[in-house]
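Colleague: The structure's right below; bear with me while I get my questions together.
Every read-out reported here was derived from the displayed coordinates using simple, explicitly stated rules and does not represent laboratory data. Nothing here was measured: the structure is a model prediction, and the numbers come from that model. All Cβ positions, even for glycine, are placed from backbone atoms using ideal geometry, and neighbour counts span all protein chains on display.
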Amino acid sequence: MSGREGGKKKPLKAPKKEKREMDDDEIAAKQKQKEEQKKLNEMKAKAAKGGPLTGGGIKKSKK
């Protein structure tokens, strides 16, 4: 009997991912995602303050 047979087996290492160049479409998509994330963070900060989320909207008329 060998020493390692009874215990946990060591998992195999995953192969390293290849670095690849990003084309213009991927760069544009990544930039758009960053902008959306920035807008989301701004909305979260505004909501935490308790201010109105939008400037306009339906207003009630006083007659």
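Colleague: In nm, to one decimal, how far is the modelled label at K44 from the one at K30, with both set 7 Å along Cα→Cβ?
Modeller: Going by the 7 Å Cα→Cβ label model, 2.2 nm.
Colleague: Which lysines have a Cα less than 29 Å from the Cα of K19, not counting those fewer than 8 places away in the same chain?
Modeller: Excluding near neighbours in sequence, the set is K10, K30, K32, K34, K38.
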